[in-house]
Amino acid sequence: MSRKFSKEYLSVIESNMKKSTEDALRQQEYILNSTARYHGNYVRTCYMPKLFSEDEYNRFSEIIDTLYGIFDKIIRRYFEDEDYRKKFGFDERLERLILRCDRRYLTIPVARIDIFYNEETGDFKFCEFNTDGSSAMNEDRELNNSIKDTGAFKEYIKRNEVRTCELFYSWISEMELMYKEKSGGAELKNVAIADFTSNASMEEFEVFEQCFKKRGFNAEICEIRDMVYNNGILKTKSGMEVQAVYRRAVTSDILKHYDEVSDFINAVSDNNVLLFGDFFTQIVHNKILYKIIWEEDTMNMLSEVQKEFIIKHVPKTFRPGNIPIDRIIGEKDKWILKPEDSYGSKGIYPGISFSDEEWKDIVENKVDFDSYILQEFYTPYADYNYILENGSLYKRKFYNLTGMYVYNGKFTGIYSRISKEPIISTQYNEMALATVIVK
């Protein structure tokens, strides 16, 4: 369905290339001066947004419902079964933080579930379960702002009714609901957005902070190491008493700097602040789940529908040491190596991106088999878009990745990424597109 919309949009662009090029230059100028940045680098994009139908949007919602049903069983099994828990191999400190979580409330609060979606067949494969520090909401907001005044978009919406995904106030509303439920009906007033600020998407945090304030909350962006805990109260550096923390500091960074965040950890451990998201989200975020989910022990606790869902949509995943090394080296284009716990696409090695000699060196010398997974490589769906190069618009083919935002278990919106190469990640020249739903 979405391919039909894309063809129509491309025809609108091509009906007036001079106007489209002028608008693309203005679009780029907007982005260069916008808040769509990560560590100072502006987000790169194409002229045409990613278009999905309402039927596809509803399909994504059904995918999330099925996936979260599986997650719920796995998370609860982690808490109940010590032997199952050992499969994850988590650091003892992390395990303690997970097990202190209130088992009544184990819905992942915020996530972005990334899939490789084929717009022609409707089939898909999962790429990542981002439940720890999920981001890029501001990129979608700014990219949609950048296309609003383009001639192609104005012409397209004359013919089609469209909408976009609101990803800020929708999260705040869900967070407020979760706080009331978990606190026994108390009113949420003071919210801290906490991260290691040197790693943070500060522009995005500032938009969240503004939205919280517009909704009447006291909100602060906090360096997590500067939070102070005394007499049962967690405070920000400025002295604000914190009721809830929107945690954007990823778990791997917290463990790396564990002694530096002891006040934050103690407040959480004493249950004197509510944490969104709490540490149980790591059960799903850690890529070792891709291996565990295929194991007989997991399959046996799932329904037939859930088993079929995994078989069709979760790439086969192994410990590298469980596959003969000669096979990994000899079937280079079939595999991708990923660290169990990372973010920003760090440390990912897709065989297709390397020469035979480079791949052999990576497998033999650069990867710790005990902390990596080996996964079947899936080539993403590719389609056409127009990109601005040296002041002119050119039609190019791009590979696609679709991110599904989930707030409090509810599918809420879409984030679209593309790349000229079949690897779509920060370290392999990814770009992002505005996402538009066609009614």
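Observations, loosely collected:
- Taken together, the residues in the range 224-272 that are within 25 Å of the chain's Cα centre (by Cα), more than 18 Å from E209 (Cβ to Cβ) and hydrophobic (A, V, I, L, M, F, W, C) amount to 7.
- Summed over the range 154-184, the residues that are farther than 27 Å from G277 by Cβ, part of a loop (DSSP other than H, G, I, E, B) and of a type outside the set (D, E) give a count of 1.
- Considering the range 31-68, and only residues there that are in a helix (DSSP H, G or I) and crowded, with 18+ Cβ neighbours inside 10 Å, the residue that is farthest from the chain's Cα centre (by Cα) turns out to be I31.
- Scanning the range 401-439 for residues being under 11 Å from D114 (Cβ atoms) and either at pLDDT 95 or above or of a type outside the set (V, I, T) (or both) gives a total of 10.
- Matching residues in the range 90-142 - criterion: being in a loop (DSSP other than H, G, I, E, B) and of a type in the set (D, E, K, R): D91, R100, D102, R103, R104, E119, E120, D123, D132
- Filtering the range 8-19 to residues that are out of contact with any Gly (no Cβ under 7 Å at 6 or more places or on another chain) and either closer than 29 Å to S425 by Cβ or part of a helix (DSSP H, G or I) (or both) leaves E8, Y9, L10, S11, V12, I13, E14, M17, K18.
- Total residues in the range 259-292, condition touching a helix residue (DSSP H, G or I) at 6+ places or on another chain (Cβ under 6 Å), more than 17 Å from T131 (Cβ to Cβ) and either free of Cβ contacts under 8 Å to residues at least 12 places away in the same chain or not aliphatic (A, V, I, L, M) (or both): 2
- Residue count, the range 375-414 (criterion: surrounded by fewer than 18 Cβ atoms within 10 Å (Cβ to Cβ), in a strand (DSSP E or B) and of a type in the set (S, T, Y)): 3
- Of the criteria (1) surrounded by fewer than 19 Cβ atoms within 10 Å (Cβ to Cβ); (2) not in a loop (DSSP other than H, G, I, E, B), which one E187 fails: (2)
- The sole residue among F196, F208 that is within 22 Å of S34 (Cα to Cα) and either under 22 Å from the mean Cα position of the chain (by Cα) or basic (K, R) (or both) is F208.
- Any hit, the range 215-222, residues being out of contact with any Pro (no Cβ under 7 Å at 6 or more places or on another chain), surrounded by fewer than 18 Cβ atoms within 10 Å (Cβ to Cβ) and under 17 Å from L167 (Cβ atoms): yes
- Residues (part of a helix (DSSP H, G or I) and either buried (at least 21 other Cβ atoms within 10 Å of the Cβ) or of a type in the set (A, V, I, L, M, F, W, C) (or both)) located in the range 255-282: L255, V261, F264, I265, A267, V268, F279, F280, T281, Q282
- Residue match in the range 152-167 (condition: touching a helix residue (DSSP H, G or I) at 6+ places or on another chain (Cβ under 7 Å), among the aliphatic types (A, V, I, L, M), surrounded by 14 or more Cβ atoms within 10 Å (Cβ to Cβ) and over 26 Å from A219 (Cβ atoms)): yes
- Cβ pairs under 9 Å, 6+ apart, first in the range 331-356 and farther than 18 Å from F318 by Cβ, second in a strand (DSSP E or B) and modelled with pLDDT under 90: G344/Y38
The values are calculated or read from the model by the stated rules, or taken from the named source; none is laboratory data. Since this is a predicted model, take the numbers as computed values, not measurements. Reconstructed Cβ throughout: ideal geometry from the backbone, glycine too, with neighbour counts over all protein chains shown.
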